[in-house]
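> Starting off with a structure, shown below.
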Amino acid sequence: MKSTFLRVFLVVLLSNTVVVSIGLTIVEFVQKHNQVSADLLGDIGVQLVAGYEKFGLAALKEEAEKAEKRLSGSIYLYQENGKPLLKPLPKNFRETDGADSSTELGKAGARPRADGRPSADFLHSQFIQVIGANNVQYLLIFRPNPEIDSLAPGLVIALSLLGLLVSSGVLAYWLLGPLLKLQRVARLFGQGDMSARVEDKLARRSDAVGKLAQEFNEMAVRIETLLSSKERLMRDVSHELRTPLARMEVALTIAEDKHGLETQKSYLCRIRTELHELDELIGQVLTLSRLEAAALSKETVHLQEWLDEIVADVSFESQLKGISVTKSGDLPKTLLGDPLQLRHAIENVLRNACFYAGEGGVIEVATEEKEGNALIYVRDNGPGVPEEKLEKIFHAFYRSSEAREANSGGFGVGLTISKRIIHAHKGCIEAKNRPQGGLEVCFKIPLV
């Protein structure tokens, strides 16, 4: 953490230094560009004074105009008594509060500013003292043209902002670049890519980001190992449990062939039924453990045709009980998902609805499309579920007391499997009691 703080501090410091340096460099460049060397001004001053003393004021003005064109500025020349030989200084030319009227500039008529700060004209002007014949002193003031000077502040601000943007971009990339890489790897890992790892270049960093990358890689290895162990354990359990079950069923078949008593045959039949239920339970537990998003085989499903087949199959199974299963709605037309797993999810809920609806029950399957989601409703006219138990019915191995008393033969896993399948498709499943009686289960599955 200290290393990361130091790096961030140094980068910010460097950024500010770059911005300030650019600003100062541009200011210095502009000032140097606008200023004339003191030696050149001194030579010009000597020439102007000599021409004035020798040829008079007309010659001075003529030479001054030539010099102003060459230097791109204005020249002011004052005698030591403060009298201007050329045009006088403009009224907005001010010096600081400390200006002394006894100085040459004070004598030239420059008045102090009220706020005590020097004006821009004063700062950008150059002052040269010239000695004429008989040691007469003159003051030459050169003032650059304001057109050149007015461009400097905007240029300084623009280039300073450019430097700030560049340095901020570098800072943001340095800070966020590694975090974005970590985010991408974490997203891949969360989507089921167990091989996703942070690149070694990032993990070798000695700061907090590098430590985080190393810990993520270590965590990913541990999780991958645990999941592999879990899958291997489930396969082993399946084999080890089903093998003795198969042997027991063979033994039951042999025992039934030995012409045992009717009482014994009833017990043997009961044992066979329990064995089948145990085998079915093992299959459901294995299915539940394998339901992950990475295990899905998604394809485009023609939803209405696919749902018609499911409704027809369930209707055929329930016809002896007089249960009616109907379907309504024609949207959406297609859905991207695993058709086999989604079929298990719908069938589990439909068979559950048929069981609780009982003799002469009415089951309705409805579909609609809303806000980019496919909504599939399964409604029955059964007794419903107490409000406090609506959430629990999707928990593994949970069954209400009514279901246990009715000896439904289920294990409380079917609805859990349905929920896992829908969650693997990035959707959700909800149940609520209908006002007119019965239960409504809603499947909400994203279309994209």
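> By the gyration tensor of its Cα atoms, with a ≥ b ≥ c the square roots of the eigenvalues, what is the shape of region 283-385: rounded for a/c under 1.5, prolate for a/b over b/c, or oblate? Before the final figure, lay out each step's value.
Values: a/c = 1.97, a/b = 1.31, b/c = 1.51.
It comes out oblate by the Cα gyration axes.
> Give the long-range amide H neighbours of Gly384: residues separated by 5 or more places, or on another chain, with amide H under 5 Å away, using H modelled in the peptide plane at 1.01 Å from N.
Here the answer is Gly438, Leu439, since their amide H atoms fall under 5 Å of that of Gly384.
> Taking H as built 1.01 Å from N, whose amide H comes closer than 5 Å to the amide H of Gln137, not counting residues under 5 places away?
The answer is Glu80, Gly132.
> Check Val198: other-chain or 5+ apart residues with amide H under 5 Å from its amide H, H built from backbone geometry?
Asn217
> Oh, and also: Indicate, rounded to the nearest 5 percent, the antiparallel portion of the DSSP beta bridges found entirely in region 267-393.
Numbers: 11 of 16 bridges.
The antiparallel proportion sits near 70 percent.
> Under the Karplus relation 6.51 cos²θ - 1.76 cosθ + 1.60, θ = phi - 60°, what is the ordered set of whole-Hz ³J(HN,Hα) values for region 207-221, x standing for Gly and Pro?
Once rounded to whole Hz, the list reads 9, 5, 5, x, 4, 4, 5, 4, 5, 5, 4, 5, 5, 4, 5.
> Output wanted: per-residue J couplings in Hz (rounded whole) for region 63-71, from phi through Karplus 6.51 cos²θ - 1.76 cosθ + 1.60, θ = phi - 60°, x for Gly and Pro.
5, 5, 4, 4, 5, 5, 5, 5, 9
> Separate question: Which order do the peptides 372-378, 133-139 take when ranked by the mean count of other beta-carbon atoms within 10 Å per residue, highest first? Working shown, then result.
Details: 372-378: 18.7, 133-139: 13.0.
Result, highest mean Cβ count within 10 Å first: 372-378, 133-139.
> A further question follows. Past 19 Å, Cα to Cα, is the threshold; run Lys181/Lys230; Lys333/Lys419; Lys370/Lys426; Lys298/Lys419; Lys327/Lys389 against it and keep the listed order. Please list the in-between numbers first.
On the way: Lys181/Lys230 29 Å; Lys333/Lys419 23 Å; Lys370/Lys426 16 Å; Lys298/Lys419 17 Å; Lys327/Lys389 27 Å.
Check vs 19 Å cut-off fails for Lys181/Lys230; Lys333/Lys419; Lys327/Lys389.
> Apply the Karplus parameterisation 6.51 cos²θ - 1.76 cosθ + 1.60, with θ equal to phi minus 60°, to every residue of region 170-175 and state each ³J(HN,Hα) to the nearest whole Hz, in sequence, with x for glycine and proline.
Residue by residue, region 170-175 yields 4, 4, 5, 5, 5, 7 Hz.
> Highest first, please rank the peptides 347-354, 200-207 by the mean number of other Cβ atoms sitting within 10 Å of their residues. Kindly include the intermediate steps, with their values, before the conclusion.
On the way: 347-354: 21.4, 200-207: 13.8.
Ranked from most to least packed, the peptides come out as 347-354, 200-207.
> Show me the ranking of peptides 245-253, 80-88 by mean Cβ neighbours inside 10 Å, starting with the highest. Walk me through the numbers before you get to the answer.
Details: 245-253: 12.7, 80-88: 14.3.
With the highest mean Cβ count within 10 Å placed first, the list reads 80-88, 245-253.
Read the figures in this text as sums done on the coordinates, not as results from a lab. Just so we're clear, the structure is a prediction, and the values are computed from it rather than from any experiment. All Cβ positions, glycine included, derive from the backbone under ideal geometry; neighbour counts span all protein chains shown.
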